[in-house]
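Following: one structure in structure tokens, then a few remarks.
The values are calculated or read from the model by the stated rules, or taken from the named source; none is laboratory data. Nothing here was measured: the structure is a model prediction, and the numbers come from that model. Don't worry about glycine lacking a Cβ; one is built from the backbone with ideal geometry, like all the others, and counts go over all protein chains shown.
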Amino acid sequence: MRIGHRPKRDVRVTTHVALVARAFGCSGFFLEGDDGYLNSIRGILRKWGGAEDFELETVKSPRSLVKSWRRDGGVVIHLTMYGVNIIDKESAIREIDRPILIVVGAGKVSRWYYENADYNIAIGNQPHSEVAALAILLDRIYMGRELGIDFGDARIRILGTERGKRVLRA
Ligand code: SAM
């Protein structure tokens with residue numbers, strides 16, 4: 001879930017958060033804010049696959065979602081440079097066998113999330129990017145398996161090659 005999305009300023013980064021979520025194994029993307037931004041992501045899913053399985057939703061109250069997620073037995077991981085370094089928590093996180101909601105911010109994140117997440121996790125305690133943080137968390141969770149994801153409903157598929165571009169179109 002992307003919170004604090006700032007129209008105009010964050011459009012590209014928010015799109016990248018959603019694409020990383022899809023490409024690296026999340027089953028959906030929640031966006032606090034305007035539905036308009038989800039349309040471009042829907043277009044990408046129709047082309048590259050995942051439209052059937054990947055849930056895209058806007059959220060009016062991300063705090064209510066955090067509360068209900070936990071009430072329903074899920075786990076909330078807030079990514080923040082102020083959190084506990086992933087290297088000290090990755091094995092505990094890998095053992096979670098309940099649905100995980102990963103929260104990433106944009107601008108300043110309210111203290112409420114620090115207090116209400118199950119985990120505040122830092123991907124290193126240096127400031128960088130929500131896109132990088134999400135990608136590395138997912139990689140640590142899936143231990144590289146996410147890099148082999150294939151989307152059954154893709155209209156376009158890449159056959160990775162040493163040189164050039166090989167593309168299959170359905
Ligand atoms: N100053 C903001 C705050 O109060 O948290 C952070 C802004 S940062 C550009 C946007 C988002 O990137 C953060 O909310 C966090 O989700 C993610 N992020 C940036 N660096 C991170 C790090 N080292 N570890 C985990 N997440 C990070």
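The set of residues in region 117-157 being more than 16 Å from R22 (Cβ to Cβ), away from the ligand (no atom under 16 Å from the Cβ) and surrounded by 13 or more Cβ atoms within 10 Å (Cβ to Cβ) is empty.
Listed by first and then second residue, the pairs with beta-carbon distance under 8 Å, at least 6 apart or on different chains, first residue in region 121-144 and at positive phi, second more than 6 Å from the ligand (Cβ to nearest atom), are G124/N85; G124/I86; M143/R94. Report whether or not G160 is more than 16 Å from the ligand (Cβ to nearest atom), among the small types (G, A, S) and at pLDDT below 95. Here the answer is no, as G160 does not meet what is asked. In region 87-113, the residues that are closer than 14 Å to M1 by Cβ form Cβ pairs under 9 Å with partners that are near the ligand (Cβ under 9 Å from one of its atoms) and among the acidic types (D, E), at six or more places apart or across chains, as follows: V104/E130; G105/E130; A106/E130. Considering D72, D35, the condition of being surrounded by fewer than 12 Cβ atoms within 10 Å (Cβ to Cβ) and either within 16 Å of the ligand (Cβ to nearest atom) or more than 22 Å from G4 (Cα to Cα) (or both) is satisfied by D72 alone. A residue that is without any contact (Cβ under 8 Å) to a residue 60 or more places away in the chain, over 30 Å from R155 (Cβ atoms) and among the hydrophobic types (A, V, I, L, M, F, W, C) occurs nowhere in region 51-58.
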